[in-house]
1. Suppose every K and R has +1 on its Cβ and every D and E has -1 on its Cβ; what is the size of the dipole of region 412-462 about the Cα centre, in Debye to the nearest 20?
2. Using 0.36 nm per residue, how much length does the chain from Ser386 to Thr305 gain when fully extended, once their Cα-Cα distance is taken away?
3. How far, in nm, would the chain grow between Thr204 and Ala61 when pulled straight, counting 0.36 nm per residue and subtracting the alpha carbon separation?
4. Kirkwood Rh over Cα pairs of region 419-462 into Stokes-Einstein at 25 °C, 0.890 mPa s: D in µm²/s?
5. Order of 451-461, 363-373 by packing, highest average Cβ count within 10 Å first?
6. At what distance in nm do the modelled label points of Ser241 and Thr394 sit from each other, each positioned 7 Å from its Cα along Cα→Cβ?
7. Considering only the other residues whose Cβ falls under 12 Å of the Cβ of Gly169, what net charge follows from Lys and Arg at +1 and Asp and Glu at -1?
8. Describe numerically, in nm with one decimal, the distance between label points set 7 Å from Cα along Cα→Cβ at Ala111 and at Leu30.
Amino acid sequence: MTNRFIKFAAAVAPAALLLAAAPADAKVLLMGDGGWEVSFDGSVNGFAIWNSSDNRPAAAAGFTRFGSVGTPAANGDATVNDTFRVRTGLLPAVWGMNIKAPTTGGLDMAARIGLYPNISNNLKNSFNADLDMREIFFTVDGSWGQVLVGKTLSQFLGKNILTDMTLFGVGGLGAVAQTGGTTLGRIGYGYVYPQFNARIQYTTPDMSGFKVSAGIYDPSRIHGTNNASSTAAGLTANETSSPRFEGEASYAGSLWGANVLGWLSGMWQDAKFKGSSLTGTCTTGANSVTTAGNELRCLNGQDVTAWGFAGGVQVGIPVGPGTLEIMGSGYTGQALGTTLQLDTDSLDFAGQEKDNFGFIGQLGYAFGQGTKLQASYGESDQDETSAENSCRSTAGVNSGTNIACPSAMVLVKRQSLYDFMLTHDVNPNLKLIAEYGRQTTDWFDGADQNTDIFGIGAFFFW
């Protein structure tokens, strides 16, 4: 683990400070007077990316395939097979502004605002703002621990993304249409995106390497499958009467001569289908409900619950002139979604929670002098619900529920990614990256689609 990785992870989220102590030159100090400090930090990156994709496999007659490269369609192929882009990798650029107050009454107080723009534009004349306000928070530290108020990287799955080697690369591209924004890394290919969320969080003092933190979060509406042909497209449990809860327990230290980081995190949230459009009497019976209004009435007052557990271990072992790095992480839960947590396909078309799980295995060797070779495999899986299976196996004739089949859907079963990366730190401020990845989408009907991804890029840090 290089000092540059440690520096940037610390800038991304306070939880990343557990990885190691930041180097002395981690920030540019603008002013320091009377105990007050004002500083900034950040980075810019860019990648030349080539990708080549298989054609999207055609679905059987009467079926519609979802979650592939290109626009979902029943049959035929509209895949953009070969694409070249110059764009930001998984991490956008960062401009971090920090202020620290003088210690008063035994309390250390600090705040941070982090702006995350990116260089990507999907058209010759693109006027997107391309600015993400990911971090806005303040902290109060004392002998009793720390309280954080504001918006920064979430605890659940936070370390899963911070320890992923594609954090400083390209990783997966997902649907590789000409879009702006960042690449995916392993978002949807080994973890679900934790996002930067508003919370009030408490963290214990360091206890010989152990820390425990817990927070109450601004809750999210929980969304269902966004199926454009469904009369119940984008079902949403929209009433959130309680906060989302997230927490983490972690250890960072040295064991038997190896540097070790281990963590467990969790999340729980409920929501309810509610609203003026959800009133009335539900007509029961398979295929008896055909209009969007009536379908939603069947769900009025129904509760849904999202929960998840995640964890992992990262070990650095001195071997020869360098360090052997081994990392494994994983997650499991309900209504998490395949890629963007809670916000896309967490529920089926009938409002039922879906089961999710995934993992990453990663191996690397740091040769010394700033050069590192890494390889990893990861996947994210989502099960079919009984209603989805019934609709697919009967070509949409009978869902076996009181909500009619929206269509004969073939949904994604697994998203996986092999990734290989060579990096070299030219100096403490410049990192070079060469990467190859192969992402695969598997559907429940046994079809798959592969995409090869090549990336060459660089980071400049300050």
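Throughout, read-outs are computed from the coordinates displayed, never taken from laboratory work. The structure displayed is predicted, hence computed values, not measured ones. All Cβ positions, even for glycine, are placed from backbone atoms using ideal geometry, and neighbour counts span all protein chains on display.
1. In total the dipole reaches around 120 debye.
2. 27.4 nm
3. Fully extending the segment from Thr204 to Ala61 adds 45.7 nm.
4. 196 µm²/s
5. Highest-to-lowest ranking by the protection proxy: 451-461, 363-373.
6. With each label point 7 Å from Cα toward Cβ, the separation is 3.4 nm.
7. Every neighbour counted, the sum reads 0.
8. 1.3 nm
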